[in-house]
Each structure stands twice: as structure tokens, then as C-alpha cells.
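Q: One structure is given below, represented as C-alpha cells, and several questions about it will come after.
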Amino acid sequence: MEVIILDNKIDIGLAIAKEIIKDIKNNPKLNLGLATGSSPLPLYKSLIELSKLENISFKDITTFNLDEYCGLSNDNKESYHYFMNENLFKYLDFSKDSHYFPSIDNVNNYDEIINNHGGIDIQILGIGANGHIAFNEPNTPISSVTHITNLANKTILDNSRFFSNIDEVPTQAITMGLSTILKAKKIYLIATGKNKAEAISIMLKGKYIKECPASALNLKKDNVYIYLDKDAASLISK
Ligand code: F6R
């Protein structure tokens, strides 16, 4: 696990976008694992800008999202389908049908779909203030594959900022499991802000602690890159 501390989220987004573009130049048929939420937004912005500047095509790229809420239609403004379209997909030349999301219909074979495509080459992750990655909440088994989960109260509270009322936040989601995520060939985790500092300090203790699902990344030997701003890094013990 490599920890990179940069000044702010814009610098983090730019740094990771440059790495992804380098990899796409080497393999234009990459499988990209994508996250939603506020953490990856600067990355998506940089990816769009740099791709246009450097004429990078996404027509042979396949994307696999980490998660989606249960009970929201794909055109609901708070759905992750809508988020991805508005913040990334519509700006690039992705092929139709190149985007996969976990859903009630494919929950039992989402991992198989990913494997049949050759696995995820690059996985983008955020982290919840409670240490979740995707919607693997504290105490999710390390062996978990894609599944339906109940969202933790803390997650519902944190995500209520995107909804007009906390009662509108779905209480369930479909998420890649921890073992699904660990199979990705390369992982970039982005954490910014003081509210992530505690989860980051636990994750960086170097061992797997089941109460902090992100610490499962310690079980992956290579190719895990943790990008932090100074606030998110503020509680790391020396
Ligand atoms: C979203 C996801 C979640 C978020 C996490 C952090 O697809 O998988 O794990 O990455 O909740 O969210 P933000 O970035 O909004 O703080």
C-alpha cells in the first residue's frame, strides 16, 4: 500500500487522472471500476479534460460501478446511474452498453460478469467516515461478493446531504463485496476532509480490522494507492 498526500482534492484528481490515461494508452480496452460520491468528482473532471486534450478514446473501455441504491429508478437524480452519466459518461465517447452497475437483477452474477470481461484493471474507491468501501459496511465478511446490504445509520446520515430529506435516503443498496474489490488489479482510494481522518488512521494501521472494511486493502500486496489531502491524513500515527 502506497500513501500519497497532496495539497487538495484537485491535485489528487489530476494525479490519478494522469495515471489512468497512461494506462489507457497502454491498454485501450481497460476495465474501469468506478465510484460515485464527492471524492471522485475532481478525478472525473480531470479525466474528461485530459482525455479531450490528448484525444484519448473510451470507445473500448468497459466500466463497472461499485454500487447502486435499491429502489431508485435509473433516471432518479440521486441514483448512481444518473450521477455517472452526468459527471463522466456523457462527456466521453464510451460505447453504448459499456457500463455495468450491480442491480437486483444481476446481484448473483455481477462478479461473474466482471470475471468474464477479464476482471477490473483499475478500481476507484472513496471511503465512508465509518470506514466503508463501496457499501461494505463495518463487519461485512472479507469473503463477500456482490450482495444486497442494509446501509448503516451513519451512511444514511452522511448521504442525506444529497437528498432533500433524510427519509428519502434508501436504506438498502447493492454493492460489490470486499472480495470483489480486492480482485481488482490496481486500486486508487481517495479520501479528503477531516471527517475521513479517523477511518484513514485505522485503515493505515497495516492490518485487517473487520470494523473498518477499508482496512481489507491491507490484504492486497501491491498496486494499492491511497491518495489523501492533509485533513484526511491528519490522524495518521507516525
Ligand atoms: C460510492 C461509494 C461509497 C463512497 C463513500 C464516500 O460509490 O462506493 O463508498 O465512496 O461513501 O463518499 P463521499 O466521496 O461522498 O464522501
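Q: Quick one: if the Förster radius is 45 Å, what FRET efficiency do K25 and I209 give, using the C-beta to C-beta distance and rounding to 0.05?
A: 0.75
Q: Mean-square fluctuation check for the chain, GNM, Cα pairs under 10 Å: which of S164, S95, S57 is largest?
A: Highest fluctuation among the options: S164.
Q: Any idea what the dipole of the chain comes to, in debye rounded to 20, about its Cα centre with Lys/Arg Cβ at +1 and Asp/Glu Cβ at -1?
A: 740 debye
Q: Could I ask something else about it? Mind jotting down a quarter of the surface of the convex hull over the alpha carbons of the chain, in square nanometres, one decimal?
A: Quarter of the Cα hull surface area: 11.8 nm².
Q: Can I ask one more? I'd like to know how the range 104-223 sits against the 2.2 N^0.38 Å rule of thumb: what's its Cα Rg over that expected value? Write out the running numbers ahead of the final one.
A: Values: Rg = 14.4 Å, N = 120, 2.2 N^0.38 = 13.6 Å.
Relative to the rule-of-thumb radius for its length, the range 104-223 sits at 1.06.
Q: Roughly how many percent of the accessible protein surface of the range 132-238 is carbon and sulfur, given a 1.4 Å probe and a whole-percent answer?
A: So the carbon and sulfur contribution to the accessible surface is 52 percent.
Q: So, for the chain, what is the accessible surface per residue at a probe of 1.4 Å, expressed in square angstrom?
A: Values: 11090 Å² over 238 residues.
The answer is 47 Å² per residue.
Q: If you don't mind, another one. Arrange the peptides 77-84, 19-26 so that the one whose residues have, on average, the most other Cβ atoms within 10 Å appears first.
A: Most protected by this proxy first, the peptides run 77-84, 19-26.
Q: Please list, ordered by chain and number, the residues whose modelled amide H lies under 5 Å from the amide H of Q172; skip anything fewer than 5 residues away on the same chain.
A: C70, L151
Q: If each DSSP helix of 4+ residues adds -39,500 (n - 2.57) and the sum is divided by the residues in the chain, what number results at 222 nm, nearest 500 deg cm²/dmol?
A: It comes out at -8000 deg cm²/dmol, rounded to the nearest 500.
The values are calculated or read from the model by the stated rules, or taken from the named source; none is laboratory data. Just so you know, these numbers come straight off a predicted model, no measurement behind them. Neighbour counts run over all protein chains shown; Cβ positions are idealised from the backbone, glycine included. Please note that ligands, DNA and RNA were not included when accessible areas were found on the heavy atoms of the full protein model with its side chains. Shrake-Rupley method; radii C 1.70, N 1.55, O 1.52, S 1.80 Å.
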